[in-house]
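Structure, as structure tokens:
The values are calculated or read from the model by the stated rules, or taken from the named source; none is laboratory data. In this text the structure is predicted, and so the values were computed from the model without any measurement. No Cβ is skipped: glycine too gets one built from the backbone with ideal geometry, and neighbour counts run over all protein chains shown.
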């Protein structure tokens, strides 16, 4: 047991049903994309990973699920879901679940992993880019359509596709918890980088509680640019649905433009009420 939990593959019917129940707790009982127990189980017969973290009383604290297959002629693993109970977040459990998943698929000869996450969820971006060393090269507008989850209400399901080259030196360094894991490596490069999307702070005397997106600049040609997002899109969705949609529209326009011209998102700089993605155009992208 490490960190107050035990990591292991699901083995029993109770394990699989606990995973389905946790999906409904996190994404809501009407969540249409939950993975049923049968798929969680049979996926492991063909290189999939269905695993969780359990406390000493056997309660499921978090889980990871993914499928292995061929992508462009290479073995790849698609990590479909990762979730941690709210009270367990911030303790490193998400990283440990990804480590477990990485070790499991490396043993099968898999060298790369992919998954999706919402570009406006700063906490997920910090984990995926800064802590794990993944990069993003692709943006999918409304990838999953209507899911029935309150986490997606009003802003759709736009997604980044994260790419994780499992043996890359950057990934190994981030997993070791070095300086780069906190995102400091991107701060110097971002210092003089122009803003492809800046932020407008709340206007004085207007009663605005949250920052607004500035005017998108989708056609800059600098090697490094930054794209702002709010630090807490969930709070904005609760208070101002129109502002949440404005952030979605602005970031979609900018990010699709830069990814289409060969840029990668490699870090997230966290700066109080807003964050900035660091986008770089590199002739030798990570693979």
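Figures for the structure shown
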| quantity | calculated |
| --- | --- |
| All positions within the stretch 125-165 that are surrounded by fewer than 18 Cβ atoms within 10 Å (Cβ to Cβ), at pLDDT 80 or above, in contact with a strand residue (DSSP E or B) (Cβ under 8 Å, 6 or more places away or on another chain) and not in a strand (DSSP E or B) | 143 |
| Residue satisfying all of: in the stretch 206-252; part of a loop (DSSP other than H, G, I, E, B) and in contact with a helix residue (DSSP H, G or I) (Cβ under 6 Å, 6 or more places away or on another chain); nearest to residue 123 (Cα to Cα) among these | 231 |
| Search result, residues across the stretch 44-63 that are farther than 25 Å from residue 90 by Cβ and under 22 Å from the mean Cα position of the chain (by Cα) | 48 |
| Flag if residue 121 is touching a helix residue (DSSP H, G or I) at 6+ places or on another chain (Cβ under 7 Å) and surrounded by fewer than 20 Cβ atoms within 10 Å (Cβ to Cβ) | yes |
| The stretch 75-117 - residue that is under 23 Å from residue 20 (Cβ atoms) and assigned to a loop (DSSP other than H, G, I, E, B) and, of those, modelled with the highest pLDDT | 85 |
| Index of the failed condition, residue 189 passing every other in (1) in a helix (DSSP H, G or I); (2) modelled with pLDDT of 90 or more; (3) surrounded by fewer than 18 Cβ atoms within 10 Å (Cβ to Cβ) | (2) |
| Test: residue in the stretch 221-229 that is under 23 Å from the mean Cα position of the chain (by Cα) and surrounded by fewer than 19 Cβ atoms within 10 Å (Cβ to Cβ) | no |
| The stretch 32-43: number of residues that are modelled with pLDDT under 95 and more than 19 Å from the chain's Cα centre (by Cα) | 1 |
| Looking only at the stretch 19-40, and only at residues there that are touching a strand residue (DSSP E or B) at 6+ places or on another chain (Cβ under 7 Å) and surrounded by fewer than 19 Cβ atoms within 10 Å (Cβ to Cβ), the one that is nearest to residue 115 (Cα to Cα) | 35 |
| Residue 120 vs. criteria in contact (Cβ under 8 Å) with a residue 60 or more places away in the chain and either closer than 23 Å to residue 18 by Cα or part of a helix (DSSP H, G or I) (or both) | no |
